[in-house]
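Novice: I have a structure I would like to understand better, so I am pasting it below and will then ask my questions one at a time.
The values are calculated or read from the model by the stated rules, or taken from the named source; none is laboratory data. No experiment lies behind these values; they were computed from the predicted model shown. Using ideal geometry, Cβ is built from the backbone for each residue, glycine included, and neighbour counts are taken over all protein chains shown. Ligands, DNA and RNA are stripped out before the accessible areas are found, and what is left, the full protein with its side chains, is counted by its heavy atoms. Shrake-Rupley method; radii C 1.70, N 1.55, O 1.52, S 1.80 Å.
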Amino acid sequence: MAGLARDGGLYVPKAWPKLTPDAIGAFAGKPFADVAVALLEPYVGASIPRGELTAIARDAYSRFGHPAVAPLVQIDRSLWALELFHGPTLAFKDVAMQLLARLMDRVLAARGGRITIVAATSGDTGGAAIEAFRGSSRVDAVVLFPLGRVSDVQRRMMTTATEENVHALAIEGTFDDCQALVKAMFNDLPFRDRLHLAAVNSINWGRIVAQLTYYFVAAVALGGPSRPMAFSVPTGNFGDIFAGYAARAMGLPIERLVIATNENDILYRAWSTGMYTLADTVVATTSPSMDIQVSSNFERFLFEAAGRDSAYVRNKMAGLRQSRSIGLGDVIVPYRESFAAERVDETSVADCIRRVKAESGYLLDPHSACAVVAARKTMTSQTQHIAHIALATAHPAKFPDAMETITGERPPLPARLDTLLSAPERVSVLPNDLGAVERFVEDRAGRRRGAAA
Ligand SMILES: *Cc1c(COP(=O)(O)O)cnc(C)c1O
């Protein structure tokens, strides 16, 4: 529920639960929701009975626009796209957020409490959070986004919800300003406690667990666990690919995880130089959900790579805050084979989208194209027999301007979203000022608390 731990660290499981190859093989043909339950169970323990967990997962995935939830589409001899964008906001974040919101509601109902979610978004997280929490009677959600810096479709996914418990808040600033405001609210401990703040950004452990499912489902669909797989993951905050790492730690034989970055390439540079160094600025690309300066979940990987040494991680993170650069050569060397990192520039993204469309008729969005380019770069004659799965994290219709520039056409929204572009919007605008934002959050959450009392 807390997201960030009070000492500033991130939560990780004490030990990775292990699945046998037979248990993994038995996922074949099972509904997505049932596989999700099997993977959640070791983490949930006895705190939610299995029947209830199953009902929650089935409900969460009933709103997806494809019966398989996350279907695979073959786009080349040994390359598949894993479509993770059939949820209500057309990006992979729905897969975790729809489940997480219901799990949080369940826990709050049992405890009799309320929480306030504050989240900063560069685009996709905000819509996914508002869609997942709208109508909840125990959660107020306030999403901060940088005014004028998200796509129309992304903004409307945050501003057209009519429920009283969800609020879109445009900040006169950048995404980094929004993120700093959220951090500052969490560091204001009296405020944090008074409002029962909770975080649902990609460091929330519940999101990582919910993202395990599609790694297992896709692997089993293509002959796993006896056939080796490689997954290529469009990466920003390292949450999605960390779920791949976790799937491997739990027993799924993944030969290689490919970190696909766009021109914001801190991870690619870390892999090629051993230095994890913040860039001076964030470059705006056609894959804005990966436009990050620092990958917040990378800390979890560091913990694993350093043999689960907290002191090492604490030191490194302090070093990063102080000098904006840390050396990692010693710990990531053993991962050079099982992880690969590729940087995909804007020209390659556009070329890939046009080429795949011409060759197979399939339309990739720019995030997914990063994964496809990176997968192809890492394929060698020795790894051609491996099934390469590129995570398709967004629907091309979510980024119509970028797609039009690249292909000359604006992809139409799926029919289930046909009122999105005409529905009235509800949004508040505030300056980049902590006091003003805290007053807003307190007012909105307090109003509902008052009404409930
Ligand atoms: C959030 C997002 C990503 C990056 O995922 P991380 O877990 O932050 O690495 C990639 N693609 C899309 C479409 C996203 O919304």
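Novice: So who's got an amide H within less than 5 Å of the one on Leu4, skipping anything under 5 residues away but keeping other chains? H placed 1.01 Å off N, in plane.
Specialist: Amide H neighbours of Leu4: Ala199.
Novice: Report Rg (one decimal) and Dmax (nearest whole number) for region 231-294, counting Cα atoms only, units Å.
Specialist: 12.6, 39
Novice: Related question: For every helix of n ≥ 4 consecutive DSSP H residues, a contribution of -39,500 (n - 2.57) applies; sum these over the chain, divide by its total residues, and give [θ] at 222 nm rounded to the nearest 500 deg cm²/dmol.
Specialist: Here the helix-only value at 222 nm equals -13500 deg cm²/dmol.
Novice: Roughly how many debye, to the nearest 20, is the charge dipole of the chain about its Cα centre, given +1 on each Lys and Arg Cβ, -1 on each Asp and Glu Cβ, and no other charges?
Specialist: Roughly 1040 debye, rounded to the nearest 20.
Novice: Follow-up. Each residue of region 129-137 in turn: what ³J(HN,Hα) in whole Hz from Karplus with 6.51, -1.76, 1.60 and θ = phi - 60°, glycine and Pro shown as x?
Specialist: So the J values, rounded to whole Hz, are 5, 5, 4, 6, 9, 5, x, 5, 8.
Novice: Probe of 1.4 angstrom, ligands and nucleic acids ignored: what's the accessible area per residue over the chain, in square angstrom?
Specialist: 39
Novice: Take the Cα radius of gyration of the chain and divide it by 2.2 N^0.38 Å, with N its residue count; two decimals is plenty. Intermediate results must be reported in sequence, preceding the final value.
Specialist: Working: Rg = 20.8 Å, N = 453, 2.2 N^0.38 = 22.5 Å.
Dividing the Cα Rg of the chain by 2.2 N^0.38 Å gives 0.93.
Novice: Could you go through region 90-105 in sequence order and give the Karplus-derived ³J(HN,Hα) for each residue, using 6.51 cos²θ - 1.76 cosθ + 1.60 with θ = phi - 60°, rounded to whole Hz, and x for Gly and Pro?
Specialist: Using θ = phi - 60°, the values come out as 6, 9, 5, 5, 4, 4, 7, 5, 4, 6, 4, 4, 5, 5, 5, 4 Hz.
Novice: Give me the percent of the accessible area of the chain that comes from carbon and sulfur atoms, probe 1.4 Å, all protein chains in place.
Specialist: Reported share for carbon and sulfur atoms: 52 percent.
Novice: Identify, among Ala5, Pro288, Met275, the residue whose Cα sits farthest towards the positive end of the charge dipole of the chain, taking +1 on the Cβ of Lys and Arg and -1 on the Cβ of Asp and Glu, with the dipole about the Cα centre.
Specialist: Going by the charge dipole, the pick is Ala5.
Novice: Separate question: Take the residue pairs Lys316/Lys398; Lys357/Lys377; Lys14/Lys183; Lys14/Lys398; Lys377/Lys398; Lys93/Lys377 and return only those whose Cα atoms are more than 30 Å apart. Spell out each step's value before the answer.
Specialist: Values: Lys316/Lys398 37 Å; Lys357/Lys377 19 Å; Lys14/Lys183 26 Å; Lys14/Lys398 38 Å; Lys377/Lys398 26 Å; Lys93/Lys377 26 Å.
Check vs 30 Å cut-off fails for Lys316/Lys398; Lys14/Lys398.
Novice: Same structure, new question: What longest region of the chain stays clear of GluC sites (Glu not before Pro) that DSSP places outside H, G, I, E and B and that have at most 15 other Cβ atoms within 10 Å?
Specialist: It works out to 165-336.
Novice: In addition: Counting only protein chains, not ligands or nucleic acids, how are Ile56, Ile389 ordered by accessible area (probe 1.4 Å), most first?
Specialist: Accessible-area ranking of Ile56, Ile389, largest first: Ile56, Ile389.
Novice: Once phi is turned into θ = phi - 60°, what whole-Hz ³J(HN,Hα) does the Karplus curve with 6.51, -1.76 and 1.60 give for every residue of region 230-235, x standing for Gly and Pro?
Specialist: Running phi through 6.51 cos²θ - 1.76 cosθ + 1.60 with θ = phi - 60° gives 10, 10, 10, 10, x, 10 Hz.
Novice: Rg over Rh of region 42-150, using C-alpha atoms and the Kirkwood radius, what does it come to?
Specialist: 1.03
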